[in-house]
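Engineer: There's a structure below that I have some questions on.
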Amino acid sequence: MDTSTATFPQNVKRALADSQLQHAMTETGPRFISKRSKAREALPEFDALRDQARDIKDHVLAYLDLYLERYEEKVVAAGGKVHWAATAEEARAAILGICQRVKARTVTKGKSMISEEIDLNHHFEANGITPVETDLGEYLIQLRKERPSHIIAPAVHLTRDQVEADFRKAHTHLDPKRDLSEIPALVEEARQVLRQKYFDADVGVTGANFLVAETGTSIIVTNEGNGDLTQILPKVHVVIASIEKIVPTLEDASTILRVLARSATGQDFSNYTTLSTGPKRPGDLDGPEEYHVVILDNGRSDVLGTEFQDMLRCIRCGACLNHCPVYQAVGGHAYGGVYPGPIGSVVTPALVGIEKAKHLPNASTFCGRCEEVCPMRIPLPRMLRAWREKEFEKHLQPQAMRTGLGLWAFLAKRPKLYQMVTRLAARVLHNRGHGTGRMSSLPLASGWTQCRDFPAPQGKTFQQMWKERRK
Amino acid sequence: MTQTSPRVGLFVTCLVDLIRPSIGFAAVKLLEDAGCIVEVPEVQTCCGQPAFNSGDRKTAADLARNVIAAFKGYDHVVAPSGSCGGMIVKHYPELFAEGSVDHAAAVDLAARSHELVSFLTRVMKVTAVDAKFPAKATYHDSCSGLRELGIRNEPRQLLASVEGVTLKEMTDAEVCCGFGGTFCVKYPGISDKMLEKKLKHIAASGADTLIAGDLGCLMNMAGKLKREGSHIRVRHVAEVLAGDSATPPLAEAE
Ligand code: SF4
């Protein structure tokens, strides 16, 4: 997987200087937050549902092998086929194999983060197959040859003006006078273009929000209905999903669905919740002739039983991104991986290694807002800290920081010495303030003083004054 | 003072000790006014959070053991900080294996430890303070106090009882100011962006005084306010509750 995660600091610089990005982020960020909060207030049992949702996934993860087997049996019984993929390469090969067998030339695609994770579109293109993204956001990203910057709103980093300009560039038939300033007009325009593509496509690829073990059903939720057309019209439907998407029953899926859309977009339910089980049966009016499910592991089973297992409860709702002040400051592309935001900072090190991704767990103030809103109650700060522990164990931190912390720890463990040093520091730093109460530069502290003054100490330490007072 | 006066060990916090002792003295006053006997163990340094958040569990555990030993026997341990309070209350027990002697001691300390304002309201049942402080104030909720210890109404309730204080809520009072310990020096650009948003909301509130319960966050916000020439004064909640308007505000001339 191609990633610019290692250059996070440079990515951040670029993002902070990108005025269009900054504009787009301030437009959308607050909207997601207020919608979720309204949806939550309107449902008194919301927090209780979160507990249930967490328990369902914890149970599944404890018996994952059993549920996966059960799921495969049911898919086969319904006339479908399951392909197990341990790695991204295996998943790509399985999907390409299916497409080549049916001599596919174009493939329509519903929104899928797993497709991003295995970089499926490039693989299609490299093999002479044209992928067509049908979700409006993904469609835009494809036009721009970018990666999604958000799990559920792939084009959230774009302003309306940018979107309109991209449309006009790609859709040259457009009447320049046609008003494209509102989202519905854009969706309509994309639909016009996509309509024929749905019929022309040989294979439809969708992701899955859930795989239901009891029935062998895959479930997707969308707001544009594009997923339905993607999976019903072509002759072959391929579902790609990762192992942790399993839930035991339809009942369990509905429980989690009740927190999913509310957390994601603040809707009670997404506009379309689509269930598919196997290919078209005799007597069915429509549906694909072949139904395949490619189930990806890609390192997830290694996470089971570790301190990182809870990340597998994630339902990719995006709430942690929307509420993260760091994500809101830099946008999703700065993270450089497939999954941005708090959950991305937990998942990416597992996918690409902490060596490459060491910045991500560090780029957090541990403000805890992500955990506060996560519908699956994933302890994101705890896991970010656990990654920092790995980083520390592997000696990956910058030398200056290690030395600084080492010195501080040495002193902090020796109260007498510590108090001598702090007394001296309080006086020296106080004097550096020259009576102004602050200083605009400080040796070794440019990280602080480049954007703010450093408040000068009052001159004596508390311990010192306390002792004097007691005399 | 009656015989039932609780014995409170003040956990000064390393920042208050070094940068702004007046917060510590304000805390002592508030605790004594509430009927506590306050002592300050001399051997305390830092709660260990910087090590803990840098992935150095061993150092964090060593420092936690020091704090546990230093505060043995006190009825309560109180810190004028939600961040250090959160470290002791929520994270100390995580540092040791369950069933170990250290773990039991950490759990015991956690149960006796509190952030200052919530200690006053929840344990000492203080509902108002006897203080004067002229300020149109806006209160920033520091993250650890808010999300780890659930402190939200307590400071507002007590601030409202101070003669001369009017409270003006800012938008997004609960959003992080961008301090985050070492975060603010490791990623100054992101921190600055977060600060910029925070300062916009502070200014829009119309307040002349910014109050919070954690010195780290206050230093961060005061640092940028002053860099930009703002006249908004920055104070720790304890100073206002203790009526200490004589001490110059944070980052301002004597
Ligand atoms: S970690 Fe939680 S909040 Fe973030 S995307 Fe996953 S389920 Fe949603």
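Engineer: With the requirement that a residue be out of contact with any helix residue (DSSP H, G or I) (no Cβ under 7 Å at 6 or more places or on another chain) and crowded, with 20+ Cβ neighbours inside 10 Å, what does segment A:103-114 give you? Spell out the reasoning first.
Structural biologist: We begin by selecting, within segment A:103-114, every residue out of contact with any helix residue (DSSP H, G or I) (no Cβ under 7 Å at 6 or more places or on another chain); these are A:103-105, A:112-114.
Matches in segment A:103-114: A:ALA104, A:SER112, A:ILE114.
Engineer: Follow-up question, since we're still on this one. Looking only at residues that are crowded, with 22+ Cβ neighbours inside 10 Å and in a helix (DSSP H, G or I) in segment B:45-58, which one is farthest from the other protein chains (Cβ to nearest Cβ)?
Structural biologist: Restricting to residues being crowded, with 22+ Cβ neighbours inside 10 Å and in a helix (DSSP H, G or I), the top hit is B:GLN49.
Engineer: Confirm whether A:GLY406 is at the interface with chain B (Cβ under 10 Å from one of its Cβ atoms), within 14 Å of the ligand (Cβ to nearest atom) and out of contact with any Phe, Trp or Tyr (no Cβ under 9 Å at 6 or more places or on another chain).
Structural biologist: Spelling it out, it is not the case that A:GLY406 is at the interface with chain B (Cβ under 10 Å from one of its Cβ atoms), within 14 Å of the ligand (Cβ to nearest atom) and out of contact with any Phe, Trp or Tyr (no Cβ under 9 Å at 6 or more places or on another chain).
Engineer: Separate question: Run down B:ALA131, B:ALA160 and say which single residue is within 19 Å of B:GLY243 (Cβ to Cβ) and touching a residue at least 60 places away in the same chain (Cβ under 8 Å). Give the derivation first.
Structural biologist: Numbers: B:ALA160 fails: touching a residue at least 60 places away in the same chain (Cβ under 8 Å).
The unique qualifying residue is B:ALA131.
Engineer: In the set B:LYS72, B:LYS29, which member is under 18 Å from B:PHE11 (Cα atoms), of a type in the set (Lys, Arg) and part of a helix (DSSP H, G or I)?
Structural biologist: Just a single option satisfies the conditions, and that option is B:LYS29.
Engineer: Give just the number: which of (1) facing chain A (nearest Cβ under 7 Å); (2) in contact with a strand residue (DSSP E or B) (Cβ under 8 Å, 6 or more places away or on another chain) does B:LEU18 not satisfy?
Structural biologist: Unmet for B:LEU18, out of (1) facing chain A (nearest Cβ under 7 Å); (2) in contact with a strand residue (DSSP E or B) (Cβ under 8 Å, 6 or more places away or on another chain): (2).
Engineer: Looking at the structure I just gave you, is B:GLU42 farther than 21 Å from B:PHE119 by Cα and either surrounded by fewer than 20 Cβ atoms within 10 Å (Cβ to Cβ) or within 14 Å of the chain's Cα centre (by Cα) (or both)?
Structural biologist: Numbers: farther than 21 Å from B:PHE119 by Cα: yes; either surrounded by fewer than 20 Cβ atoms within 10 Å (Cβ to Cβ) or within 14 Å of the chain's Cα centre (by Cα) (or both): yes.
Yes: the conditions hold for B:GLU42.
Engineer: Something else now. Which of the helices (runs of 4 or more DSSP H) found entirely inside segment A:1-71 contain at least 1 residues meeting this: away from chain B (no Cβ under 14 Å)?
Structural biologist: A:19-41, A:46-62
Engineer: Filter segment A:442-471 for residues that are touching a Phe, Trp or Tyr at 6+ places or on another chain (Cβ under 8 Å) and open to solvent by 10 Å² or more (accessible area, probe 1.4 Å); which is farthest from the other protein chains (Cβ to nearest Cβ)?
Structural biologist: Within segment A:442-471, the subset touching a Phe, Trp or Tyr at 6+ places or on another chain (Cβ under 8 Å) is A:442, A:445, A:448, A:454, A:462, A:465.
Narrowing further to those that are open to solvent by 10 Å² or more (accessible area, probe 1.4 Å): A:442, A:445, A:448, A:454, A:465.
On the way: A:LEU442: 11, A:ALA445: 7, A:TRP448: 5, A:PHE454: 6, A:MET465: 5 Å.
Once the filter is applied, the top-ranked residue is A:LEU442.
Engineer: Taking into account only those residues within segment A:414-441 that are more than 9 Å from chain B (Cβ to nearest Cβ) and more than 24 Å from B:PHE11 (Cβ to Cβ), which is modelled with the lowest pLDDT?
Structural biologist: Of everything passing the filter in segment A:414-441, A:SER441 is modelled with the lowest pLDDT.
Table: residues versus (1) buried (at least 24 other Cβ atoms within 10 Å of the Cβ); (2) away from the ligand (no atom under 16 Å from the Cβ).
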| site | (1), (2) |
| --- | --- |
| A:ILE240 | yes, yes |
| A:VAL247 | yes, no |
| A:GLU251 | no, yes |
| A:PRO279 | no, yes |
| A:GLY283 | no, yes |
| A:ASP297 | no, yes |
| A:VAL303 | no, no |
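Engineer: Say whether the condition of being open to solvent by less than 10 Å² (accessible area, probe 1.4 Å), more than 21 Å from the chain's Cα centre (by Cα) and within 12 Å of chain A (Cβ to nearest Cβ) is met by at least one residue in segment B:190-207.
Structural biologist: Scanning segment B:190-207 turns up at least one residue that is open to solvent by less than 10 Å² (accessible area, probe 1.4 Å), more than 21 Å from the chain's Cα centre (by Cα) and within 12 Å of chain A (Cβ to nearest Cβ).
Engineer: Name the residues in segment B:175-189 that are within 22 Å of B:THR209 (Cβ to Cβ) and facing chain A (nearest Cβ under 8 Å), would you?
Structural biologist: B:VAL175, B:CYS176, B:GLY178, B:PHE179
Engineer: Checking A:LYS280 against (1) closer than 29 Å to A:ALA201 by Cα; (2) in contact with a helix residue (DSSP H, G or I) (Cβ under 6 Å, 6 or more places away or on another chain); (3) not hydrophobic (A, V, I, L, M, F, W, C), only one condition comes out false. Which one?
Structural biologist: Looking at each condition in turn, A:LYS280 falls short on (2).
Engineer: While we're on this one: Mind listing just one residue for me: the one in segment A:253-263 that is open to solvent by less than 10 Å² (accessible area, probe 1.4 Å) and out of contact with any strand residue (DSSP E or B) (no Cβ under 9 Å at 6 or more places or on another chain) and, of those, farthest from the ligand (Cβ to nearest atom)?
Structural biologist: So, considering only residues that are open to solvent by less than 10 Å² (accessible area, probe 1.4 Å) and out of contact with any strand residue (DSSP E or B) (no Cβ under 9 Å at 6 or more places or on another chain), the one farthest from the ligand (Cβ to nearest atom) is A:VAL259.
Engineer: B:ALA110: touching a helix residue (DSSP H, G or I) at 6+ places or on another chain (Cβ under 8 Å) and more than 26 Å from A:CYS370 (Cα to Cα), yes or no?
Structural biologist: No: the conditions fail for B:ALA110.
Engineer: Is it the case that B:GLU148 is open to solvent by 40 Å² or more (accessible area, probe 1.4 Å) and within 8 Å of another protein chain (Cβ to nearest Cβ)?
Structural biologist: Taking the combined requirement at face value, the residue satisfies it.
Engineer: May I ask you to verify whether A:PRO381 is more than 12 Å from chain B (Cβ to nearest Cβ), open to solvent by less than 20 Å² (accessible area, probe 1.4 Å) and not aromatic (Phe, Trp, Tyr)?
Structural biologist: No; evaluated as a whole, the condition is false for this residue.
The values are calculated or read from the model by the stated rules, or taken from the named source; none is laboratory data. Everything quoted here is computed from the prediction, not taken from an experiment. Using ideal geometry, Cβ is built from the backbone for each residue, glycine included, and neighbour counts are taken over all protein chains shown. With ligands, DNA and RNA removed, areas are computed over all heavy atoms of the protein, side chains included. Shrake-Rupley method; radii C 1.70, N 1.55, O 1.52, S 1.80 Å.
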